[in-house]
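Step one of this worksheet: look at the structure below.
The values are calculated or read from the model by the stated rules, or taken from the named source; none is laboratory data. Remember, predicted model here, so these are calculated numbers, not experimental data. Virtual Cβ from ideal backbone geometry, glycine too; neighbours counted across all protein chains shown. Ligands, DNA and RNA are stripped out before the accessible areas are found, and what is left, the full protein with its side chains, is counted by its heavy atoms. Shrake-Rupley method; radii C 1.70, N 1.55, O 1.52, S 1.80 Å.
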Amino acid sequence: MTFQSRVPTTETKSCPAAAETQVSQATVPYVNQVAILLPDGAAPGAGQILADLLLSANEVIPDARYAVSILRLSDFNHLSHGRQQRTMCIFLGDIRARWRVSSSDRAALQTLLHRCRQPVLVGGAVFLLREAGMFDGHTLAVHSNFAAAANEEALQSAAVGTQYHLADPVHSAVSPLATLRLLLDLIGREHGEFMADALGEYVGLDAGDTRFQSKATLDILQRAGGDNLIEKSLHLMQQHIEEPISICELARQQGVSTRKLQRRFRDRTGGGPHTAYRMLRIERAHQLLTHTSMNVYEIVAATGFGTRSNLSRWFHKQLGVSPQAVRRSAYCDAQQVPPAELQRALAG
């Protein structure tokens, strides 16, 4: 299974496949290839939670381009030399059993561990180094279930309590869930800690409020460089979607002048606070049209647009479609406004 999401192409297909979007490499400067490798007997959906995190990164981080494949070890052996070298390979073991490799797959394992861009060993997959004859000199995050066996077989374990360990040439994590944290760390190193933290909140990995569970908010904050005043303003806007407050009141609640707030938004985001507020309300209206049975008049009231004609006007201006068209496509399984298109439209 191969998954790609929100990778720009020269044209948008009207009905992209749910599990796979074909992307012309000529139009994509670089794609982070990630292969999630499963042991024999693992359920086909075992790697889906990791795939979901990376595909969510594609949706909420503008520069993220991850293509994710879920394969068996024997499947990956058939891929080209060049593809293997460009791929981060996550060997997804579990916390109950060590990963044992058949004699027919041992050569493939040795090749991948030496050749892939970055191997990541999870749970019982730490023993794959021994299977490949590479167990000397690599510090690994080892689950407590395997600590005694790892010590007996001369694997070098990280400190007790280590959930994941980033170290070249081999990364490791004690479990599939710990691998989510490992991936967020890697994403933070590539795209910034702020975006990694926001992604964690967006997918529900962190407790707390949900102010980052909005793609429009993330886009504005990234353009603003994580500016604290703008972040607080967006948080207040999210709290007052149904009954929008004035920009003067927004500034007053933060102890700054209206002029300062407007200048900060324009300098950091290229648009004023009114524009940002409207983006959040359009995004909320789109969510309600797509995921609820609320009628258009109820959605107008829930998003502070005042009248149906006002909502329709801004939908046409920002998204190029009417609210009625979005509602029809949501229930008829016809052409929808793709998440990527929605985000680009909201970004202005």
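Answer yes if at least one residue in the stretch 135-157 is farther than 26 Å from residue 92 by Cβ, part of a helix (DSSP H, G or I) and touching a residue at least 40 places away in the same chain (Cβ under 8 Å), and no otherwise. Checked the stretch 135-157: no residue is farther than 26 Å from residue 92 by Cβ, part of a helix (DSSP H, G or I) and touching a residue at least 40 places away in the same chain (Cβ under 8 Å).
Kindly provide the set of residues from the stretch 133-145 that are out of contact with any Ser or Thr (no Cβ under 9 Å at 6 or more places or on another chain) and either more than 21 Å from residue 101 (Cβ to Cβ) or of a type outside the set (D, E, K, R) (or both), ordered by number. Across the stretch 133-145, the qualifying residues are 133, 134, 135, 137, 144, 145.
Inside the stretch 310-331, residues that are among the hydrophobic types (A, V, I, L, M, F, W, C), closer than 12 Å to residue 300 by Cα and open to solvent by less than 20 Å² (accessible area, probe 1.4 Å) make up a count of 2.
One residue alone among 18, 57, 46 is open to solvent by 60 Å² or more (accessible area, probe 1.4 Å), within 18 Å of the chain's Cα centre (by Cα) and modelled with pLDDT under 95, and that residue is 18.
Select from the stretch 100-130 the residues that are outside any helix (DSSP H, G or I) and either of a type in the set (Gly, Ala, Ser) or over 16 Å from residue 75 (Cβ atoms) (or both) and list them in ascending order. Once the filter is applied, which keeps residues that are outside any helix (DSSP H, G or I) and either of a type in the set (Gly, Ala, Ser) or over 16 Å from residue 75 (Cβ atoms) (or both), the stretch 100-130 yields 100, 102, 117, 118, 119, 120, 121, 122.
Annotation note: of 118, 84, the sole residue that is open to solvent by less than 40 Å² (accessible area, probe 1.4 Å), polar (S, T, N, Q) and modelled with pLDDT of 90 or more is 118.
Residue count for the stretch 129-155 under the criterion of being surrounded by fewer than 18 Cβ atoms within 10 Å (Cβ to Cβ) and in contact with a Phe, Trp or Tyr (Cβ under 8 Å, 6 or more places away or on another chain): the result is 3. For the stretch 241-259, residues that are in contact (Cβ under 8 Å) with a residue 40 or more places away in the chain, under 11 Å from residue 277 (Cα atoms) and open to solvent by 50 Å² or more (accessible area, probe 1.4 Å) total 1. The single residue among 303, 269, 290, 275 that is among the polar types (S, T, N, Q), within 15 Å of residue 330 (Cβ to Cβ) and touching a residue at least 40 places away in the same chain (Cβ under 8 Å) turns out to be 290. Restricting attention to the stretch 276-309, the residues being crowded, with 16+ Cβ neighbours inside 10 Å and either among the hydroxyl-bearing types (Ser, Thr, Tyr) or outside any helix (DSSP H, G or I) (or both) number 4.
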